[in-house]
Amino acid sequence: MNAPAEHRDGLDETARNALVAACDDVRDAGPDDHVDGVAAQVVVRPGSTQETAEVMRATAAHGLAVVARGRGTKTSWGRPPARADVVLDLSRMDKVLDHAAGDLVVGTQAGTRLRDVQEAVSGAGQRLAVDETVPGASIGGTLATGTSGPGRMATGTVRDLLIGVTVVRADGVVAKAGGRVVKNVAGYDLGKLVIGSYGTLAVVTEALFRLHPLPAARRFVSVPVPDAKAAHDLAQAMVHSQVVPSAVEVDWAGGRGTLTVLLEGVPAGVEGRTRTTLALLGPSATAQDEAPDGFGSYPWQPDTGGDDRSTALKLTFALSGLRDVVGAATDAGLPVHLRGSAGVGVAYAALPSGSDPAEVAAAVAGLRATCGRHGGSLVVLDAPAAVKESVDTWGPVTGLDLMRRVKGQFDPENRLAPGRFVGGI
């Protein structure tokens, strides 16, 4: 997909000069800067919230479309934007700003990698309880796409851990909400709005999170599951047991799978709960100190957004629907690798690269119908261009009119990642 004709030949000199005046790091975009096949014109790398605001004022003055980027690990998620005149690269904003260990709070810039935040707080025996589901992901990208792993069963999602946020609006106005500085914007819960909005409402520049203590001990107990019923029954046994697991994950591919239980806490308690879990899961269960391969990550390989990538799906459903969802994955007509939290009813699935778009569409329709019967949904997070043209990426969405009104309030000119989100938002 190419940018509209009026944007193909680059920005006019006045617009480019305005960006250069706003930021000391501006360059022409290259092929690696394309946003899901849409060619960008320039890449701007601000170093602070204030510089980001200056850039956004310049883009507003010249009617330029802006797509924010953290570390580029999820650039092809969602729909291709209608245009991407400016890629706003936040990777220079990579500092942990404040770690108040006594308050269990950390503040960080949006371009900071999640793993770097973990390293910064680990010395105090603390952690940001968010699984790194995509290697190298930034804080801003994690918020923009709302990614969380199986650990959400014990500590909640990134939405639950965020206590403050600083954003820059499309018009260059800086807004803050929550945390130590409370300045709500037009009555909205700003933090909750921007999470999962794919950068279509505002540019996140800083975030403040609640931390948790690092567990003194961890054990992983795994057991093979031969069919959908076994996966469901064992997951239910864990969820309703007294062992209080931190995560229960099912990994399913090729008609067979594994259920893994994560136990965390003080060493003596973890040891006792491990024995109980092994007894509950049966003689085939084993325990280990290290996470099994793939635990807490998505069942597809990181990609560069090319047309050889897998089709990546997110499925949600009531816990009681796990058996049917696993069964639907087994009978989808294409090989499906499913991995997800059996403890909260959120799973991710990969369909093979090179699959016929019509077969992918049929598999998506079947899985979506199953999720819907169990109170959930299915979203196509990523896929080759031909697949995105053949499937309904987002599926039925409640509250779409309200979402469009919110978009109109935050970005009335539709310049932030236009068309990337649900309903063409």
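Checked against the criterion of being crowded, with 17+ Cβ neighbours inside 10 Å, in contact (Cβ under 8 Å) with a residue 60 or more places away in the chain and more than 24 Å from the chain's Cα centre (by Cα), region 23-33 has no qualifying residue.
Pairing residues of region 124-138 that are in contact (Cβ under 8 Å) with a residue 40 or more places away in the chain with residues that are part of a loop (DSSP other than H, G, I, E, B) and among the charged types (D, E, K, R), at Cβ distances under 7 Å and at least 6 apart in sequence or on separate chains, gives Val134/Lys74; Gly136/Arg71; Ala137/Arg71; Ser138/Arg71.
Just one residue in the set Arg219, Arg210, Arg275 is basic (Lys, Arg) and farther than 22 Å from Thr133 by Cα; that residue is Arg275. The set of residues from region 48-92 being part of a loop (DSSP other than H, G, I, E, B), over 30 Å from Ser297 (Cα atoms) and not aliphatic (A, V, I, L, M) comprises Ser48, His62, Gly63, Arg83. Residue count for region 106-125 under the criterion of being under 21 Å from Phe295 (Cα atoms) and not in a helix (DSSP H, G or I): the result is 1.
Taken residue by residue, region 218-234 has no member that is basic (Lys, Arg) and either modelled with pLDDT under 95 or within 24 Å of the chain's Cα centre (by Cα) (or both). Selection over region 375-389 of residues that are among the small types (Gly, Ala, Ser) and either more than 17 Å from Pro81 (Cα to Cα) or in contact with a His (Cβ under 8 Å, 6 or more places away or on another chain) (or both) gives a count of 3. Here the condition is being surrounded by 19 or more Cβ atoms within 10 Å (Cβ to Cβ), more than 18 Å from the chain's Cα centre (by Cα) and β-branched (Val, Ile, Thr); of Val380, Val326, it holds for Val326 alone.
All conditions in (1) part of a loop (DSSP other than H, G, I, E, B); (2) of a type in the set (S, T, N, Q); (3) crowded, with 19+ Cβ neighbours inside 10 Å hold for Ser284, with the sole exception of (3). Within the group Gln41, Gln50, which residue is assigned by TED's automatic domain parsing to the domain that holds Arg210 and out of contact with any helix residue (DSSP H, G or I) (no Cβ under 8 Å at 6 or more places or on another chain)? It is Gln50. The set of residues in region 393-411 that are on the phi < 0 side of the Ramachandran plot and touching a residue at least 24 places away in the same chain (Cβ under 8 Å) comprises Thr393, Trp394, Pro396, Val397, Val406, Lys407, Gln409, Phe410, Asp411. Gly78 meets all of the listed conditions (1) surrounded by fewer than 20 Cβ atoms within 10 Å (Cβ to Cβ); (2) on the phi > 0 side of the Ramachandran plot but one, namely (1). Please find, within region 6-47, the residue that is modelled with the lowest pLDDT out of those that are of a type in the set (Lys, Arg) and not in a loop (DSSP other than H, G, I, E, B). Of everything passing the filter in region 6-47, Arg8 is modelled with the lowest pLDDT. Selection of region 81-92 for residues being surrounded by 24 or more Cβ atoms within 10 Å (Cβ to Cβ) and of a type in the set (Ser, Thr, Tyr) yields an empty set.
Residues that are crowded, with 19+ Cβ neighbours inside 10 Å and either free of Cβ contacts under 8 Å to residues at least 40 places away in the same chain or not β-branched (Val, Ile, Thr) (or both) within region 259-277 comprise Leu259, Leu262, Leu263, Glu264, Arg273, listed in sequence order. Here the condition is being outside the structural domain of His34 (by TED's automatic domain parsing), in contact (Cβ under 8 Å) with a residue 60 or more places away in the chain, of a type outside the set (Lys, Arg) and under 23 Å from Val134 (Cα atoms); of Asp324, Asp251, it holds for Asp251 alone. Exactly one residue out of Glu290, Glu359 is surrounded by fewer than 18 Cβ atoms within 10 Å (Cβ to Cβ), modelled with pLDDT of 95 or more and under 21 Å from Gly149 (Cα atoms), and it is Glu290.
The values are calculated or read from the model by the stated rules, or taken from the named source; none is laboratory data. Because the structure is a prediction, the values reported are computed rather than measured. Counting neighbours? That spans all protein chains shown, and the Cβs are built from the backbone with ideal geometry, glycine included.
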